[in-house]
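Reviewing the structure listed below.
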Amino acid sequence: MTRATAPGKIILFGEHAVVYGRPAIAVPVIDVRAEATLQRAKTSPGFRVVAPDLQRDYFLAEAGSDDPLSRIIQLTLAHLGQTPPPDVVLQISSTIPLGRGLGSGAAISTAIVRALGQFFERPLSPANISNLVYEVEKFYHGTPSGIDNTVVAFEQPVYFIKGVPLKRIGVGWPFTLVIGDTGVIASTKEVVGDLRRRWQADQEYYEGYFDEIGTIAQQARVMIERGVSDIARLGKLMNENQEILETIGVSAPVLGQLIEAARQGGAAGAKLSGAGWGGNMIALVPSQAEVIASVSQALIAAGAVGVIVTEVK
Ligand code: PMV
């Protein structure tokens, strides 16, 4: 049996502005993962896809052209020169909450590409994997920046600018994040599309805010690389980033409630992460167990349906 996994991700700074060429920072979340296993088919021939979390069980040959799992499988098989598809069972599972800005789609695709590469004894480089996954992201999200596939495939903190060779970030001093899930599934494509329509109507207004977000991401990069011994300063940048995200209309009351609760509970700063309108928020917290617990409890009390604690290092 061949088995491969891929992590979730969060965007620390710069979502949305990154679609318009500004820098953003994203980190892998290794505490949650997607997994793909491949086994030779024992009973029936064909390429069978079994994904209980997605309520899917079907044969590749029967899938429609708009099926995201089939797309990444077909792309990878073509890349590996494997036609016709082999007789296998591909089993997919994930502990990453779906559709909440934690990169579940990119992680599932990455795990599939990795598993197929291993199966054919042709392990693919992170850059190759990222490019294949980006093709699927483009199909589903319209105009993705490419940050999700990059951070998930490379599994490293990244300072990402669309179309520019990847810069990895060294984390000078590990820091702790508490991730709070609103439980609201928001479509990245819709949020990004809505913002694009508003940007088209008044580019000057939005470009100014994107510049401000870009500057915040640059400042954050310097702090993270030097080592965040004083998390208050990085937390302040998160709060500033959140304020702009609210102004440009991608936050939501449900996110605002969790963000406020985290700050009250002792976080140094908090913001939404990903596309917004729902999904997840992140809070930067001192690494003492009691503060982590107090922020986590505050989030649950404020309505979070799930909390993940992760260390960025
Ligand atoms: O897919 P999400 O929710 O992590 O959002 C992606 C981040 C955006 O900047 C909003 C879109 C993009 O393509 O970078």
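Which aspartates and glutamates, if any, have their Cα less than 17 Å from the Cα of Lys9, not counting same-chain residues under 8 positions apart?
Within the straight-line cut-off, Lys9 pairs with Asp31, Glu35, Glu137, Asp148, Glu155, Asp181, Glu311.
Roughly speaking, what is the centre-to-centre gap between segment 1-38 and segment 210-228 when only Cα atoms are used, to the nearest Å?
That distance is 19 Å.
Considering only Val178, Val151, Ile216, whose Cα is most displaced toward the positive end of the charge dipole of the chain, charges sitting on Cβ of Lys, Arg (+1) and Asp, Glu (-1)?
Val151
On full extension of the chain, what length is gained from Ile185 through Ser125, given 0.36 nm per residue of separation minus the C-alpha to C-alpha distance? Could the numbers behind the result be given before it?
Working: separation 60, 0.36 × 60 = 21.60 nm, distance 3.16 nm.
Full-extension gain reported as 18.4 nm.
Once you place label points 7 Å from the Cα toward the Cβ at Thr143 and Glu311, how far apart are they in nm?
Roughly 4.0 nm, to one decimal.
Report, to the nearest 10°, how far helix 253-264 tilts away from the longest principal axis of the Cα atoms in the chain, using its own Cα long axis and a range of 0 to 90°.
60 degrees
Given Cβ point charges of +1 (Lys, Arg) and -1 (Asp, Glu) and nothing else, what value in debye, to the nearest 20, does the dipole of segment 202-308 about its Cα centre take?
Numbers: 6 positive and 12 negative charges, 101 e Å.
Value, rounded to 20: 480 debye.
Mind putting a number on the dipole of the chain about its Cα centre? Charges go on the C-beta only, +1 for Lys and Arg and -1 for Asp and Glu, and I need it in Debye to the nearest 20.
Dipole magnitude for the chain comes out near 680 debye.
Within 10 Å, count the other beta carbons around each residue, average over each peptide in 162-173, 272-283, 302-313, and list them highest first.
On the way: 162-173: 13.0, 272-283: 27.5, 302-313: 17.3.
Peptide ranking by packing, descending: 272-283, 302-313, 162-173.
Please compute, for the alpha-carbon atoms of segment 261-309, the extent along each of the three principal axes and give them in descending order in Å.
The Cα atoms of segment 261-309 stretch 30, 18, 17 Å along their principal axes.
Short version: ³J(HN,Hα) in whole Hz for each residue of segment 207-218, in order, from phi by Karplus 6.51 cos²θ - 1.76 cosθ + 1.60 (θ = phi - 60°), x for Gly and Pro, what are they?
4, x, 5, 4, 4, 4, 5, x, 5, 4, 5, 4
Residue by residue through segment 176-184, which ³J(HN,Hα) values in whole Hz follow from phi under the Karplus form 6.51 cos²θ - 1.76 cosθ + 1.60 (θ = phi - 60°), with glycine and proline marked x?
Listing the rounded values in order: 10, 10, 10, 9, x, 9, 5, x, 8 Hz.
Separation between the Asp57 and Glu155 pseudo-spin-labels, each 7 Å from Cα along Cα→Cβ, expressed in nm?
3.0 nm
Of the peptides 88-94, 174-180, how do they stack up when ordered by the mean number of other Cβ atoms within 10 Å, highest first? Let's see the in-between values first.
Details: 88-94: 20.6, 174-180: 23.3.
Top to bottom by mean Cβ count within 10 Å: 174-180, 88-94.
Quick one: if the Förster radius is 41 Å, what FRET efficiency do Arg40 and Val222 give, using the C-beta to C-beta distance and rounding to 0.05?
On the way: r = 51 Å, r/R0 = 1.24.
The pair Arg40/Val222 has a calculated efficiency of 0.20.
In terms of the Cα gyration tensor, with a ≥ b ≥ c the square roots of its eigenvalues, is segment 183-313 rounded because a/c is under 1.5, prolate because a/b exceeds b/c, or oblate? Mind dumping the intermediate values first?
Details: a/c = 2.42, a/b = 1.34, b/c = 1.81.
Oblate.
Which angle between 0 and 90 degrees, to the nearest 10, do you get for helix 68-79 versus the longest principal axis of the chain when only C-alpha atoms count?
Tilt relative to the chain: about 60 degrees.
Output the peptides 212-220, 73-81, 102-110 sorted from most to least packed, where packing is the average of other Cβ atoms within 10 Å over each peptide's residues. The partial results should precede the final answer.
On the way: 212-220: 20.0, 73-81: 17.7, 102-110: 28.7.
Averaged packing, sorted descending, gives the order 102-110, 212-220, 73-81.
Can you run phi through the Karplus equation (6.51, -1.76, 1.60; θ = phi - 60°) for segment 106-113 and list ³J(HN,Hα) in whole Hz, with x for Gly and Pro?
Calculated HN-Hα couplings, in order: 5, 5, 5, 4, 5, 4, 5, 4 Hz.
Only the coordinates and a few stated rules stand behind these numbers; no lab work does. What you see is a predicted model; the values in this text were computed from it and never measured. Every residue, glycine as well, gets a Cβ built from its backbone with ideal geometry; the counts of neighbours run over all protein chains shown.
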